[in-house]
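Have a look at the structure below, then the notes.
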Amino acid sequence: MRTTSRQRNQEVRRKAAGRPGRQARRAAVAFAAVGALALTGCGGEDKPGDAKETGGSTPAQPPAQSLELPKLDGEKLQVIAVWTGPEGENFKKVLKEFENRTGATVSYVPTQDAMLTYLGSKISGGTPPDVALLQQPGALKQAVEKKWLKPLDAGTQAQLDKNYSKAWKDIAAVDGTQYGVYYKAANKSLIWYNAKAFENAGASEPKTWKDFLATAETISQSGVTPVSVGGSDGWTLTDWFENIYLSQAGPEKYDQLAQHKIKWTDPSVKAALTTLAELFGKENYLVGGAKGAVGTPFPKSVEQTFTGGDTPKGAMVFEGDFVAVNIGQTKAKLGTDAKVFPFPAVGDKSPVVTGGDVAVALKDTKAAKALMTFLASTDSAKISAGAGGFISPNKSVDMSAYPNDTLRDIAKALIGAGDDFRFDMSDQAPQSFGGTPGKGEWKILQDFLRNPKDIAGTQAKLETDAAAAYKN
């Protein structure tokens with residue numbers, strides 16, 4: 001989840017475009033299918049009629065009405081998600097189309113990332129929303145255990161069967177019952193870079209972790225700090241770890257650790273943290289050093305990479321396709337000033353970690369069912385895809401719906417992976433461990449960023465908190 005989508009606090013999201021839900025914090029996708037991601041469109045010119053490749057400013061055009069929706073005149077619904085800024089405005093266009101076609105009135109409420117805590121307070125107060133978009137499979141399972149969610153109705157299930165691969169359906173099911181629709185996905189294994197900073201340093205896109213560190217040194221020698229890290233949002237640090245771990249330890253170990261079938265004191269975790277420390281332990285490689293990185297929100301980590309002309313504060317920033325939305329808040333042009341390459345291979349193959357936002361219904365009403373059906377359709381996905389800064393796991397969405405070549409290539413890679421993917425590890429964890437600011441993984445990896453030499457201590461803390469959260 002992710003994200004992309006996973007997890008910044010509400011205030012950060014209101015200040016700038018944030019991470020797609022855990023954007024959208026969002027899944028470790030087939031490294032073979034997506035690791036070959038060439039992103040050939042990144043250097044292409046805008047075509048006539050195309051939007052500037054900012055990833056976030058294209059006006060969304062309502063799709064042809066291929067889906068029959070009921071008349072809901074006078075009905076009112078409330079929808080809760082984490083999206084604010086451009087992400088939130090783009091999603092409101094989807095809800096507006098639903099209103100136009102049904103006569104219902106939909107209110108949208110953006111909230112903080114600790115979604116279960118918020119939902120719990122609304123439910124206990126007798127005012128649950130009709131539909132919520134959760135950033136984590138772990139949160140979905142916990143919500144089902146609390147008996148908060150309603151299974152999908154036949155109409156929504158039909159759209160899901162038509163438009164989604166089995167794996168995307170399985171992630172949103174619990175014990176064989178379908179509860180959710182993954183509306184938004186995020187490829188979270190991308191390194192975005194300032195093209196001018198690379199050019200001035202004589203640097204090229206690295207393909208391996210060793211090459212990545214060498215590139216960082218080359219850029220550092222040119223007088224620009226190589227990497228901007230948004231460490232005050234702890235989810236970015238879990239994504240760093242997960243990409244390294246998947247590539248280095250492999251998918252089988254990844255699955256085991258995601259389910260806490262092996263401990264965080266396992267040697268494979270030590271190896272991944274040791275690799276990550278090769279970057280985090282280099283003060284001159286991080287904008288502001290470790291202290292500065294821990295104090296930098298994710299949106300700012302992108303901003304300081306793509307502002308400052310020939311001398312930005314940082315040359316590279318890691319995160320998902322949703323970074324395009326944040327780049328759109330600067331003057332940098334995607335594909336010219338801002339380019340992207342796949343996360344470098346630590347092991348045999350480059351990883352791709354993706355997250356996603358899953359729509360769930362908390363009320364068993366005609367209106368809630370209709371909105372869930374709409375969100376499972378291509379009609380809604382096309383609106384979001386056209387707005388930019390969005391990737392849909394809906395396999396029926398035509399690639400022409402995306403506003404630029406960069407997003408089309410990322411979407412093609414995601415859909416091309418089929419069922420061969422893995423979801424963001426921390427999104428699969430119980431929320432108290434993998435998705436809460438100031439706690440669990442987020443806090444422990446922030447402490448690790450401050451002191452990357454303490455690998456054993458970091459492992460011990462991770463295991464203690466994981467054991468308490470998983471209860472196994």
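The values are calculated or read from the model by the stated rules, or taken from the named source; none is laboratory data. Source: prediction; values computed, not measured. Positions of Cβ are backbone-derived with ideal geometry, glycine not excepted, and every protein chain shown enters the neighbour counts. The accessibility values were calculated without ligands, DNA or RNA, using every heavy atom of the protein model including side chains. Shrake-Rupley method; radii C 1.70, N 1.55, O 1.52, S 1.80 Å.
Consider Asp424 carefully, then state whether it is open to solvent by 50 Å² or more (accessible area, probe 1.4 Å) and of a type in the set (Asp, Glu). Walk me through it before giving the result.
Details: open to solvent by 50 Å² or more (accessible area, probe 1.4 Å): no; of a type in the set (Asp, Glu): yes.
Here the answer is no, as Asp424 does not meet what is asked.
Looking at Asp409, Asp419, Asp405, can you tell me which residue is farther than 30 Å from Gln78 by Cβ and in contact with an Asp or Glu (Cβ under 8 Å, 6 or more places away or on another chain)?
Criteria check complete, one pass: Asp405.
Can you name every one of the helices (runs of 4 or more DSSP H) wholly within the range 252-333 that holds 3 or more residues which are of a type in the set (Val, Ile, Thr) and crowded, with 24+ Cβ neighbours inside 10 Å?
323-327
With Leu246, Leu286, Leu237, Leu190 as the choices, which residue is out of contact with any strand residue (DSSP E or B) (no Cβ under 9 Å at 6 or more places or on another chain), at negative phi and of a type in the set (A, V, I, L, M, F, W, C)?
On the way: Leu246 fails: out of contact with any strand residue (DSSP E or B) (no Cβ under 9 Å at 6 or more places or on another chain); Leu286 fails: out of contact with any strand residue (DSSP E or B) (no Cβ under 9 Å at 6 or more places or on another chain); Leu190 fails: out of contact with any strand residue (DSSP E or B) (no Cβ under 9 Å at 6 or more places or on another chain).
After ruling out the rest, the residue left standing is Leu237.
Determine if the range 362-382 includes at least one residue that is part of a loop (DSSP other than H, G, I, E, B) and in contact with a Ser or Thr (Cβ under 6 Å, 6 or more places away or on another chain).
Yes, that holds for at least one residue.
Among the candidates Ala467, Ala385, which residue alone is out of contact with any strand residue (DSSP E or B) (no Cβ under 7 Å at 6 or more places or on another chain), surrounded by fewer than 19 Cβ atoms within 10 Å (Cβ to Cβ) and not in a loop (DSSP other than H, G, I, E, B)?
Working: Ala385 fails: surrounded by fewer than 19 Cβ atoms within 10 Å (Cβ to Cβ).
Within the list Ala467, Ala385, the selection yields Ala467.
So in the range 194-251, with the set limited to residues that are within 14 Å of Lys282 (Cβ to Cβ) and polar (S, T, N, Q), which one is surrounded by the fewest Cβ atoms within 10 Å (Cβ to Cβ)?
It comes out as Gln221.
Per-residue answers, yes or no, for (1) assigned to a helix (DSSP H, G or I); (2) under 18 Å from Lys366 (Cα atoms); (3) of a type outside the set (Val, Ile, Thr); (4) modelled with pLDDT of 95 or more:
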residue: Val79; (1), (2), (3), (4): no, yes, no, yes
residue: Phe98; (1), (2), (3), (4): yes, yes, yes, yes
residue: Ser107; (1), (2), (3), (4): no, yes, yes, yes
residue: Tyr118; (1), (2), (3), (4): yes, no, yes, no
residue: Thr127; (1), (2), (3), (4): no, yes, no, yes
residue: Ala143; (1), (2), (3), (4): yes, no, yes, yes
residue: Trp148; (1), (2), (3), (4): no, yes, yes, yes
residue: Gly155; (1), (2), (3), (4): yes, yes, yes, yes
residue: Leu160; (1), (2), (3), (4): yes, yes, yes, yes
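Across the range 346-360, which residue is nearest to Ser189 (Cα to Cα) among those that are modelled with pLDDT of 90 or more and open to solvent by 10 Å² or more (accessible area, probe 1.4 Å)?
Val346
Tell me which of these Val181 doesn't satisfy, since it passes every other one: (1) open to solvent by less than 10 Å² (accessible area, probe 1.4 Å); (2) β-branched (Val, Ile, Thr); (3) touching a Pro at 6+ places or on another chain (Cβ under 7 Å).
Unmet for Val181, out of (1) open to solvent by less than 10 Å² (accessible area, probe 1.4 Å); (2) β-branched (Val, Ile, Thr); (3) touching a Pro at 6+ places or on another chain (Cβ under 7 Å): (3).
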